[in-house]
Amino acid sequence: MTGASAPIIEVANLDKFYGDFHALKDVNLTVHQGEKMVICGPSGSGKSTLIRCFNGLEWHNSGRLVIDGVEVHEQSKDMRRLRQEVGMVFQQFNLFPHLTVLENLMIGPMKVRRQGRAQAEATARKYLDRVHIPEQADKYPAQLSGGQQQRVAIARSLCMETRIMLFDEPTSALDPEMINEVLDVMVELAQSGMTMVVVTHEMGFARKVADTMVFMEAGEIVEVSPPDTFFTNPSSERCRLFLDQILEH
Amino acid sequence: MSAPDLSGLKGQPLPQRPAFQRFLGSTAVSIAIYVAVMALIIYGSFTGAQNMGYNWQWHRVPQFLYSFTEDGFELGEIVYGLFATIQLSATAFALATVLGLLVALLRLSGLVMGTAVSIGFLELIRNIPLLVLLYLFYYVLGPIFGFDRYWASILTLAVFHSALISEIFRAGINAVPKGQWEAAKSIGMSTGQTYRYIILPQSVRFMLPPMTGEAVHLIKSSAIVSVIAVAELTTIGRNIISDTFMSFEIWFTVAAVYMVVTLILSVGVSYLERRYAVDQ
Ligand SMILES: Nc1ncnc2c1ncn2[C@@H]1O[C@H](COP(=O)(O)OP(=O)(O)O)[C@@H](O)[C@H]1O
Ligand SMILES: [Mg+2]
């Protein structure tokens with residue numbers, strides 16, 4: 001991708017342990033402003049752990065992590081401000097079930113950003129339009145399909161006017177017929193210039209939007225390359241095997 | 001609100017219970033058994049009392065519930081006793097809820113000190129009999145801190161029940177999925193905001209039934225404050241008896257009044273629960 005734009009996420013020699021278990025091993029990575037990075041790798045390879053470090057849902061044990069100029073660590077006073085800049089979309093949607101769709105979108109801007117109701121509602125409706133479900137505003141999450149819920153979750157992050165969006169297997173919990181409606185929204189988001197780090201095995205999506213492909217295994221980054229190299233001629237054998245496996249289906 | 005995921009529990013149909021148990025479990029039979037047992041108890045106690053030569057005077061009881069004087073309709077002593085009990089219990093319950101929430105939050109704070117303090121408090125309360133706690137508040141803490149018997153009663157009930165209520169809060173808070181915390185954090189909410197706007201509103205659903213049970217429990221245990229002569233339902237019952245010697249009638253009446261109040265509470269809350277469940 002554009003070597004010209006500034007780095008927005010910088011990861012250097014990052015290590016993460018769960019007790020004795022070494023979950024991330026000496027990870028080095030840079031994401032630039034506007035870059036779309038797709039991370040794949042076998043289950044348990046540390047993909048979630050890595051992106052959860054990016055918004056402070058997990059803390060690394062050593063190494064450096066700088067996001068948007070802010071040094072991320074457990075004692076950082078800037079973490080709450082940073083989380084407002086970094087949105088996260090989860091595999092299980094994690095919408096607030098006791099709030100309507102509109103309230104789900106408004107609660108962050110109102111309580112965290114201290115916006116007025118009118119402004120928060122205008123923003124919420126704007127992003128609900130963007131994810132193509134303006135008519136669902138007054139429903140509760142449980143009344144929506146999985147695909148609709150995930151689009152609401154994306155809108156909820158966008159309402160915070162985030163500068164970076166993290167996706168942790170956003171389509172893995174969806175019925176097959178709903179995957180595309182979510183991916184379409186993500187493609188549109190990519191085209192709008194958002195910086196995105198996406199953990200997914202949807203290789204069609206990756207081919208379409210990724211600037212950089214990352215392959216992880218056993219807590220290590222094994223391969224970082226542009227998609228054309230990644231899919232046709234990956235430098236590591238393990239990556240090749242993994243791609244063969246998932247592309248067969 | 002999303003229903004708990006029971007998909008894994010489908011499949012096997014429940015085995016039928018044996019015919020005899022099903023017969024005993026049916027509503028009609030339950031009611032019949034209940035009526036028979038109650039009739040036996042009442043018959044037994046009445047004939048027993050008769051044999052003791054007890055002089056039943058039920059006609060003198062209604063005046064303690066209500067009366068018509070030249071000023072018109074008036075409520076009787078027992079009803080005022082009930083009002084006092086309700087006021088006492090409501091105040092104690094409100095305090096117990098606040099205290100219980102604080103103890104639960106302290107316990108869940110993840111701070112070593114917080115956990116230690118809350119566990120110490122729970123163990124202390126759990127291992128002191130309610131009556132002893134009441135004496136402690138009335139005879140020891142009351143004079144030291146200068147509160148009267150009424151506040152000694154309220155504080156005793158509040159502290160005693162806050163221990164149980166804190167466990168209800170803890171269970172209710174833990175019943176909310178971890179993903180809710182993560183979602184709230186990832187839009188930048190503080191811990192306080194997450195509790196207030198995301199976690200507690202969802203815990204209410206889990207807490208309503210056990211909290212009702214606790215309220216009923218508190219109303220019943222409030223009778224104990226009659227030992228330090230705080231004017232409430234049980235104390236007033238006792239006073240009436242010492243004036244009239246109608247101990248059987250008055251105790252039956254007082255018991256019935258407690259039952260009516262706690263039953264209304266239970267029924268009211270289960271109605272609320274259904275309303276609340278339908279809402280989402
Ligand atoms: N909270 C945790 N405590 C202990 N081990 C964990 C925890 N979270 C993840 N792990 C372990 O860390 C490894 C990486 O997990 P994860 O990042 O979720 O992998 P991925 O997302 O690539 O499937 C796994 O072996 C997992 O069991
Ligand atoms: Mg994962």
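The values are calculated or read from the model by the stated rules, or taken from the named source; none is laboratory data. This structure is a prediction, so every number in the text was calculated from the model and none was measured. Here the Cβ positions follow ideal geometry from the backbone for every residue, glycine too, while neighbour counts run over all protein chains shown. Surface accessibility is based on the protein's heavy atoms, side chains included, excluding ligands, DNA and RNA. Shrake-Rupley method; radii C 1.70, N 1.55, O 1.52, S 1.80 Å.
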Net charge contributed by nearby residues that have their C-beta within less than 13 Å of B:Met207 (K/R +1, D/E -1): -1
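What dipole magnitude, in Debye to the nearest 20, does the protein assembly as shown give about its Cα centre under +1 on Lys/Arg Cβ and -1 on Asp/Glu Cβ? Walk me through the intermediate numbers first.
Values: 41 positive and 48 negative charges, 144 e Å.
Approximately 700 debye in magnitude.
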Entries in A:Lys36/A:Lys126; A:Lys77/A:Lys139; A:Lys16/A:Lys139; A:Lys111/B:Lys220; A:Lys77/A:Lys111; A:Lys47/A:Lys139 that, when Cα-Cα distance is taken, lie over 30 Å: A:Lys77/A:Lys139; A:Lys16/A:Lys139; A:Lys111/B:Lys220; A:Lys47/A:Lys139
Pairwise centroid distance, computed over Cα atoms, of the range A:127-165 with the range B:108-152, Å: 48
Whole-angstrom gap from the range B:49-102 to the range A:1-74, using each part's C-alpha centre: 67
Listed peptides A:236-243, A:65-72 by packing density, highest first (mean Cβ within 10 Å): A:65-72, A:236-243
GNM top mover of B:Gly172, B:Gly44, B:Gly76 - chain B, alpha-carbon springs below 10 Å: B:Gly44
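Treating only the Cβ atoms of Lys and Arg (+1) and Asp and Glu (-1) as charged, compute the dipole magnitude of the range B:22-166 about its Cα centre; round to the nearest 20 debye.
Working: 5 positive and 6 negative charges, 129 e Å.
The calculated dipole for the range B:22-166 is roughly 620 debye.
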Residue-by-residue Karplus 3J(HN,Hα) for the range B:133-143, coefficients 6.51, -1.76, 1.60, Hz, glycine and proline x: 4, 4, 4, 4, 5, 7, 8, 9, 6, x, x
Centroid-to-centroid separation of the range B:216-260 and the range A:176-249 [C-alpha atoms, Å]: 74
Under 5 Å, built H, 5+ apart or other chain: amide partners of A:Met88: A:Leu166
Solvent-free Debye scattering, log10 I(q)/I(0), computed from the Cα coordinates of the range B:48-130 at q = 0.12, 0.13, 0.15, 0.16 Å⁻¹: -0.66, -0.69, -0.76, -0.79
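Got a sec? What order do B:His161, A:His32, A:His132 fall in by accessible area at 1.4 Å, biggest, i.e. largest, first?
Working: B:His161 0, A:His32 45, A:His132 95 Å².
Final ranking, largest accessible area leading: A:His132, A:His32, B:His161.
For chain A, what is the mean residue ellipticity at 222 nm derived from helices alone (per DSSP H run of n ≥ 4: -39500 (n - 2.57); sum divided by total residues; nearest 500 deg cm²/dmol)? Display every interim value, and only then the final one.
Numbers: 9 runs with 90 residues, N = 249.
When only DSSP H runs of four or more count, the value is -10500 deg cm²/dmol.
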